[in-house]
1. Taking GluC sites (Glu not before Pro) as exposed when DSSP calls them loop (any state but H, G, I, E, B) and at most 15 other Cβ atoms lie within 10 Å, what is the longest stretch of the chain free of them, the sites themselves excluded?
2. Rounded to whole Å, give me the distance from the Cα center of segment 53-88 to that of segment 146-161.
3. Sort D44, D153, D89 so the one with the fewest other Cβ atoms within 10 Å of its own Cβ comes first.
4. Given a cut-off of under 8 Å on Cα pairs at least six residues apart, what relative contact order in percent is computed for segment 24-149?
5. Taking the Cα centre as origin and putting +1 on Lys and Arg beta-carbons and -1 on Asp and Glu beta-carbons, what dipole magnitude results for segment 1-128, to the nearest 20 debye?
6. In what sequence do S141, S155 fall when counting other Cβ within 10 Å, fewest first?
7. Summing Lys, Arg as +1 and Asp, Glu as -1, what charge do residues with Cβ under 11 Å from the Cβ of M148 carry, M148 excluded?
8. Where does the charge balance sit around F157 when Lys and Arg score +1, Asp and Glu -1, over other residues with C-beta under 12 Å from its C-beta?
Amino acid sequence: MPISNHNKENKQHTKRIALFPGTFDPFTKGHESLVKRGLTLMDDIVIAIGVNDSKKSFFSLEKRIEMISELYLDNHRVSVESYNTLTVDFATKVGANYILRGVRSVIDFEYEKSIADMNRIISNIETFVLFTEPSLSHISSTVVRELMQYGHDVSEFIPTGLKID
């Protein structure tokens, strides 16, 4: 009886899909970096804009979807959707088997770890964390939003090609 080799043609590759959840109000260079780096590990990334009615957003949900979708128009591996459920429930709905998160600090890490632990317990979905590039760690949507509210130019903090007007 011949010894069987694992035949790659017969092995079905399970697509690695990561959900990248956030409010993305606005989408920053830090977010863009996480997507770019995440795509080196994943087959596809779903940028998932969470709807939080208790938070007042600068941009409407529709505008955020439009801005980010246009940014990734030529990248078939990135899609943009919105959701108003538990993140893990939405991940399951879109077929994501991972959640992508970024951390800038130890405080971010502690928060993300507790959420990742809970998500793993209730859904078996793994979270992977990418540390923010040092040159981008000072950028947050909150700070960019505040700068915009006071009329400051934010072009150095948002991706080239992101149309915020």
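Just so it is clear, none of the values below were taken in a lab; they were calculated from the coordinates. Note that the coordinates shown come from a computational prediction; the quantities given were computed from them, not determined experimentally. Using ideal geometry, Cβ is built from the backbone for each residue, glycine included, and neighbour counts are taken over all protein chains shown.
1. Answer from the scan: 10-155.
2. Computed from Cα coordinates, the inter-centre distance equals 18 Å.
3. D153, D89, D44
4. 33 percent
5. The dipole of segment 1-128 has a size of about 280 debye.
6. If I rank by nearby Cβ atoms, fewest first, I get S155, S141.
7. -3
8. Combined, the nearby Lys, Arg, Asp and Glu give -2.
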